[in-house]
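Comments concern the structure below.
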Amino acid sequence: MDAVSELQAALGPQTVLTGAALAGVAQRSDASGTGRDLPLALLRPGSVADVSTALSICHRHRQPVVPQGGMTGLAGGANCRPGDIALSLARLQGVEEIDPVAGAMVVRAGTVLETAQNAAEAAGFLLPVDLGARGSCQIGGNIATNAGGLRVIRYGTVRENLLGLEAVQADGTVLSHLSRMQKDNTGYDLRNLIAGSEGTLAVVTRAVLRLRPLPEGIETAVCALDSYAAVLALMALARKRVMLSAFEVMWADYFEVCGGRRLFADIPPFAVIVETEGGQLEPFLETALEEGIVSDALVAQSRADARRFWEVREGALPEAQLPDIANFDLSLPVALTDDYVRACRARIAAALPSARSFFFGHVGDSNLHIMVELPGLPEADVHALDRIAYDLVRDMGGVVSAEHGIGTLKRDWLGHSRSTGELAAMRAIKAALDPAGILNPGKVL
Ligand code: ZN
């Protein structure tokens, strides 16, 4: 029996979709828009036992499997090649438990992030993982990619909020360590090895996420600044004076194209959204204005005001989604970020005169995003863009991915950020946990 027939016999036709049933359900591509092929079959297991059964069958048949969450990634990490089987976690969803004493939530992998956030809030807690795709991305994908997002400066990435993890290995073995304890020093950290492995080491099925108290006194401002030196001065002052929960920088080109003129009639060289907890924002901004760090500032008087500020940041240009946009997600030493922006913008303009580049990012945690609009987006030009962006990032001591991951789109550039020895260690880990190489082949390594 072939793999698909055996899967159908073991799991039933509702769980194993093929042929015409695929067209309306299976997704060809994540949000990078780079996927082209439908999978051979789409598996929709509703239990951990079914995930285990499916993988053990695929392992025996040496059948490649691509785990899929909400398909909101931007690195091509959930795209299928011809002949791959897709494994959707969407039916394995729901919050199983909120433990108020431990400050923890047990959640299934297919749960949409916003659903988990709302459940935490209803119980009086904050689930601090947050990103623009919250309405469709899934917890399992957030963990598999170690997602970052908007509150990393305050609460860290997914890894810092992950207490326990259950995942299924390539051969079907269930690795279950749903710990709720802050301290757990029992051997190798499989949890943080699987988190961020982009579905190449195991399939995440359930997790224990850390909850925090609901923040009080959230205040939001958008500031106009004349120089990057002022941006750095504002960040240094904020770290001394306030509890920062976001520090988002928009260079003038991005701010203008995303509707910044609705906030400041004259587009400043830099616009920064500052979000704080604890109610100290206004005295902090007064100091920043007095010291000449900030040339103008708007403080949100209502949630609707704050929403208007964030709408500019989250963009008239929604990350990816548009056809002719190439996305970059880099980390750089914060002091060098504007030098990088200037050099990168100039090199792109020289090499590809029809391209327009826009710079913004979670600069408070060293993360720069670039969107490049390039009519037609020809393959060769995309490669030229990659080379410009990644050679510069290597030369300035940064890394080629801050939060989106490696997937397929950055695989060829991983060596810009990791040494030969490190890559060999990664390959050895992959071979040990997935000896047949069936889990998300062609991704990351
Ligand atoms: Zn981001």
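Here's the yes/no breakdown for (1) closer than 18 Å to Gly69 by Cβ; (2) surrounded by 22 or more Cβ atoms within 10 Å (Cβ to Cβ):
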| residue | (1), (2) |
| --- | --- |
| Asp171 | no, no |
| His177 | no, no |
| Leu190 | no, no |
| Ile194 | yes, yes |
| Val204 | yes, yes |
| Ala207 | yes, yes |
| Ala221 | no, yes |
| Leu225 | no, yes |
*Given the structure, is Ile293 buried (at least 17 other Cβ atoms within 10 Å of the Cβ), at pLDDT below 95 and not small (Gly, Ala, Ser)?*
no
*State which residue pairs qualify: first residue without any contact (Cβ under 8 Å) to a residue 24 or more places away in the chain and inside the range 92-117, second residue open to solvent by 40 Å² or more (accessible area, probe 1.4 Å) and assigned to a loop (DSSP other than H, G, I, E, B) in any location, beta carbons under 8 Å apart, and separation of 6 or more residues or different chains.*
Glu114/Arg134; Glu114/Gly135; Thr115/Gln93; Gln117/Arg134
*Are there any pairs, at least 6 apart or on different chains, whose C-beta atoms fall under 6 Å, with the first in the range 271-299 and in a loop (DSSP other than H, G, I, E, B) and the second open to solvent by 10 Å² or more (accessible area, probe 1.4 Å), and if so, which?*
Gly278/Gly217; Gly278/Met243; Gly279/Gly217; Gln280/Val242; Ile293/Ala230; Ile293/Ala233; Ser295/Asp226
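Within the group Tyr188, Tyr228, which residue is more than 23 Å from the chain's Cα centre (by Cα), among the aromatic types (Phe, Trp, Tyr) and closer than 21 Å to Phe360 by Cβ?
Tyr228
Condition check ((1) modelled with pLDDT of 95 or more; (2) within 16 Å of the ligand (Cβ to nearest atom); (3) under 21 Å from the mean Cα position of the chain (by Cα)) across all residues:
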| site | (1), (2), (3) |
| --- | --- |
| Gln301 | yes, no, no |
| Trp310 | no, yes, yes |
| Glu319 | no, yes, yes |
| Pro323 | no, no, yes |
| Leu336 | yes, no, no |
| Ala350 | yes, no, no |
| Phe359 | yes, yes, yes |
*Only one of these conditions is not met by Lys183: (1) without any contact (Cβ under 8 Å) to a residue 24 or more places away in the chain; (2) in contact with a strand residue (DSSP E or B) (Cβ under 9 Å, 6 or more places away or on another chain); (3) open to solvent by 70 Å² or more (accessible area, probe 1.4 Å). Which number is it?*
(2)
*If you check every pair at least six apart or on different chains, which have Cβ atoms under 6 Å apart with a residue in the range 118-131 that is away from the ligand (no atom under 16 Å from the Cβ) first and a residue that is open to solvent by 30 Å² or more (accessible area, probe 1.4 Å) and in a loop (DSSP other than H, G, I, E, B) second?*
Leu126/Leu214
*Which of the residues spanning the range 132-158 are within 14 Å of the ligand (Cβ to nearest atom) and without any contact (Cβ under 8 Å) to a residue 60 or more places away in the chain?*
Arg134, Val158
*Provide a single number: the residues in the range 40-80 that are of a type outside the set (Asp, Glu), open to solvent by 20 Å² or more (accessible area, probe 1.4 Å) and outside any loop (DSSP other than H, G, I, E, B).*
8
_Ala31, sole failed condition from (1) surrounded by fewer than 21 Cβ atoms within 10 Å (Cβ to Cβ); (2) modelled with pLDDT under 95_ = (1)
_Glu275 being of a type in the set (D, E, K, R), closer than 30 Å to Val106 by Cα and at pLDDT 95 or above_ = yes
*When Ser401 is evaluated against the numbered criteria (1) open to solvent by 50 Å² or more (accessible area, probe 1.4 Å); (2) within 16 Å of the ligand (Cβ to nearest atom), which criterion, by number, is the only one it fails?*
(1)
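The values are calculated or read from the model by the stated rules, or taken from the named source; none is laboratory data. Here the structure is a predicted model, which means the values were calculated and not measured. Backbone-built Cβ (ideal geometry, glycine too); neighbour counts: all protein chains shown. Quick note on the areas: whole protein, heavy atoms, side chains included, nothing else; ligands and nucleic acids left out. Shrake-Rupley method; radii C 1.70, N 1.55, O 1.52, S 1.80 Å.
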